[in-house]
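Heads up, the thing below is written out as structure tokens.
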């Protein structure tokens, strides 16, 4: 059997603090006890071979969801990742992907549970810390998100996502000078190795400059964001009231 692992950075009721639930709402996983803390993501050779096939099937369901947007695929993926974990409860990547699915379904409590188990097993797991921070952002729990983003920076200072996340949090708290420092740092790191979503980095800096009443610089950054998105075939509708208001005020729309 070919082994491969693809780590994806992808209505339930509210349940217990440290449990994860199957698609039918049955508690099937609790935080492992007496574990040996891992120093890195487990490799295919370190994982129980029986866990690989269901993990791969769950990953395929996530990829297929990206193409078809059929929510049923997410529920199928949940059960495949559950099966993988039941074969190997140290399978960090499976916990991370479960967290992603729960977050996609809007169940942030279960997403947080999955990420917390992942972090318990592998404390330096960037994916879990970053995505747990995103859960806190979605819940407007800014201080908790800030702690997680700072942890992410401690783990890998050259990762722009920690600084970008801090910029988002400080902007939400209207701490614009702090936000600009972090967002600018993130953008400099993005520029070194540009992802296709680098337009988000320019947008965040531009939006913060707008709130600091630096409208000429804000216009330059926001126009760059739109232009770069177009080059990367990322077309945003700008249907958020706040974004549209900024663009109209700067005569960009």
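Of all the numbered requirements in (1) in a helix (DSSP H, G or I); (2) more than 30 Å from residue 250 (Cα to Cα), residue 123 misses one, and that requirement is (1). No other residue among 7, 38 is over 21 Å from residue 135 (Cα atoms), surrounded by 12 or more Cβ atoms within 10 Å (Cβ to Cβ) and modelled with pLDDT under 95 apart from 38. Against the test of being surrounded by fewer than 20 Cβ atoms within 10 Å (Cβ to Cβ) and closer than 25 Å to residue 79 by Cα, the options 120, 112, 174, 144 yield a single qualifying residue, 120.
The values are calculated or read from the model by the stated rules, or taken from the named source; none is laboratory data. Just so you know, these numbers come straight off a predicted model, no measurement behind them. Note that we place each Cβ from the backbone using ideal geometry, even for glycine, and neighbour counts take in every protein chain shown.
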